[in-house]
Structure formats: C-alpha cells, structure tokens
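> Could you have a look at this structure, given as structure tokens, before my questions?
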Amino acid sequence: MARTPTPLVLTGLVAAGIALFQALLITWFAWPAKSAEPRDLPIVVAGPGPAVTVLQQQLEAARPGAFDVTVVSTESAADDALRDREAYAAFIVGATGVEVHIASAGSPAVATLISQAAQGMAKGQNVEVIDVVASPSSDPRGAGLTAGFMPLIMTSIACGIALLFLVKSHRVRVIGLLAFSVLAGLIAAGLLHGQGVLSGSYLAAAGVIGLVTLSVSAAVSGLGAVLGNPGLGLGALTVFFFGNPISAAASAPELLPQPWGLVGQFLPPGAGSSLLRSVAFFDGAAATRPLLVLLAWAITGLILTAIGHFRDNGKAPSLASAASAAPGITPSPTAKGSAPAAA
C-alpha cells in the first residue's frame, strides 16, 4: 500500500513545483522582449531606379535579414502601403536626399527603430521623418493602449471562470458571456477614447473590444464546461500565460523570434491588439485575419459551452430523482448518520 506523503514532504513538493512554474513563466515572459529585433520587417522604397538599388544595398548591409523590401513607383504608392498596413515604413529617394515615412500608430516601437536606423545610415546628415499615420498625441508611444489592453484579457478570463462556477444553466451562461462582452466593449472603448488612447469610430472600437472579451471568456468557460477544472487551467494558460508574451501588443510580430511572432497572431491577445489598431487608426485596413481569428475563438468557445450543456443533460439521474419520477414512490428522508438500505 502506497504511503501518503508527510505534510513536510508535501509542502516541499508544492513549493518546488510552484518555483519551477515561476521559473518557466519568467523565462517565457522575458525571452520575447529580450530577443526583439527586426526580422523581415516589411518596408517599401520609392525613387529613381539606380538610387533605389543603392538604398536597398545599404539597408541590407546595415541590418542583414532585418527588412523585407518592396519597391513602389511613387511616394503616394508608398504612403498607401503604410495606410493599408502592408508596410511599417517607406524610404523615399528624392532630389534633396532620403525621406523616411513611418506609421507610428501601427507600432511605435518599429517607428522608433526605423527612425534610428535611418539616422545611422545618413552618417550624421539630417533625415526628415514624416509620420503618415501617427499615434494619438496623448499616447505617442502607445503605452496607454498596451497597458489598457491587458485588463481586458484578465477580466475576460475571470468572467469565464466566474460564470462557470456561479451559473449552472449553460444557456444562461451564454447569455452572460454575451452581455459581458457588450458591456465590456462599450465601457472600455469609452474609457480609452476619453483618455485619448484610441481614435476613430467609438462603436467600431467597442465592437472589437467586445469581440476580444467574448473570444477569451467564451473559450475559458467552454473549456471548463467540457473538461472541468483542467479546462479552466488550459484556457488561462493558453490565452494569458502562453499568448500574452507573444502577442506583440507592445511591438510587432516581425520583431519577435519566429515562428512565435506569427503564432501569437492566432491567439486572442495578439489578434485582438492587431484588430484594435487596424480599426482605431487605419480605417479597418488589414483587419480580415485578426477578425476571423477572434470569431473562431468566440464561436468555438460557445460551441464548447453547448457541448457541456448536452453532456450535463446526458448524465444518469440520481437515486432520489429517479424515485421521485417513479409513479407512487416518494423518497423518504434518511435519518442522520444512517446508511441507505441496500437494494
């Protein structure tokens, strides 16, 4: 017969397990930020043919493998690529030198990196930097948007867990998830707009935030409905502990080690932050993929909730409910401390 671990041994095992989990979290959260650097970052160049060729060679020599360069015919086409979120920056070769066009609203971190790289390549000469799609003046570095986005994920996880424990009816739980997403979207969008963190359409931002919260809360609740407590842990681990560090909410997917930068865009934190930027600053450009990702998470979570509902309905009835359902039989209360009679 196996011996039960003593309290001292059990305490040591718990402490060691939590310490190991902590070490894994520290490594996972710190590694993407520490390893951030441009990797095939999409940029465009425009200008006379020979000058463009020289500029491409300079970019490759300055940061080998950092940039994925596309040549366009005009400055207008280059700016259109920035507005459509097809590129993060444009180098325009003109008669007086090189201009650098950026879209800081897409990624303030990338805009800063590109500006610094351009100044370094100019070898002391002044390079004019034009922000085609600028971040809000009240949040030029995007810190407010990044900080404001994190509570959306955390509270959505909490909502999914709370509804699973507090609401027995899965149908009512679905209504609760939908109500939470609508309220969260309206309130959060109002706060972020009021603080000058977001621009663009308030209702569009509210819709995006509502979809983000629904994708997270429904996934957590749905996994819990089907798998129980392990499902709750799986949902929280997948969305927050795994998905948040590789979401690129504060940087860009191309700055993270691959394939993790791409993987992060298929999880709610990465897809949500990307979609919110597209809607708030770029009139919905490049919104299709993150929108489909969030819809897939939300719909899957609701389907899992439905599966859990039917699973619960399929459970065998208890002895008391079976006796109550039988004609002419009324279950009598069992005396305290007595055992039920054998069949």
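> Are there GluC sites (Glu not before Pro) in the stretch 60-156 that DSSP puts in a loop and that have at most 11 other Cβ atoms within 10 Å, and which ones?
Qualifying residues, ordered by number: none.
> In the chain, which helices (entire DSSP H runs) extend 30 Å or more along their own long axis, judged by Cα positions, while averaging at least 1.6 on the Kyte-Doolittle scale?
Both cut-offs are met by 143-166, 202-227.
> May I pose another question? Between LEU234 and GLU86, take the C-beta separation as r, use R0 = 41 Å, and let me know the FRET efficiency to the nearest 0.05.
0.70
> Test of the criteria: in the stretch 138-225, which trypsin sites (Lys or Arg not before Pro) are in a DSSP loop and have at most 10 other Cβ atoms within 10 angstrom of their Cβ?
LYS168
> What is the extension gain from ALA179 to SER138, computed as 0.36 nm multiplied by their sequence separation minus the C-alpha to C-alpha distance, in nm to one decimal?
11.7 nm
> Please compute the length gained on full extension between ARG63 and LEU166, using 0.36 nm multiplied by the number of residues separating them and subtracting their Cα-Cα distance.
Between ARG63 and LEU166, full extension yields an extra 31.6 nm.
> Translational diffusion coefficient, Stokes-Einstein: compute it for the stretch 79-209 using the Kirkwood radius over C-alpha pairs as Rh, at 4 °C and 1.567 mPa s, and state it as an integer in µm² s⁻¹.
74 µm²/s
> Taking other Cβ within 10 Å of each residue's Cβ, how do TRP28, TRP297, TRP260 sort, fewest first?
Listing TRP28, TRP297, TRP260 from fewest to most nearby Cβ atoms yields TRP28, TRP260, TRP297.
> Follow-up question, since we're still on this one. What value in Å³ per residue do you get for the convex hull of the alpha-carbon atoms in the chain?
So the per-residue hull volume is 203 Å³.
> Points 7 angstrom from Cα along the Cβ direction at THR27 and THR288: gap in nanometres?
3.9 nm
> Relative contact order for the chain: what is it in percent, counting Cα pairs under 8 Å that are at least 6 residues apart?
About 16 percent, as a whole number.
> Could I ask something else about it? In debye to the nearest 20, how big a dipole does the stretch 41-131 give about its Cα centre with +1 on each Lys and Arg Cβ and -1 on each Asp and Glu Cβ?
In total the dipole reaches around 280 debye.
Taken together, the values in this text are just the output of simple stated rules run on the coordinates, not laboratory data. As the structure is a prediction and not an experimental result, all values here were calculated from the model. Cβ atoms come from the backbone with ideal geometry, glycine included; neighbour counts cover every protein chain shown.
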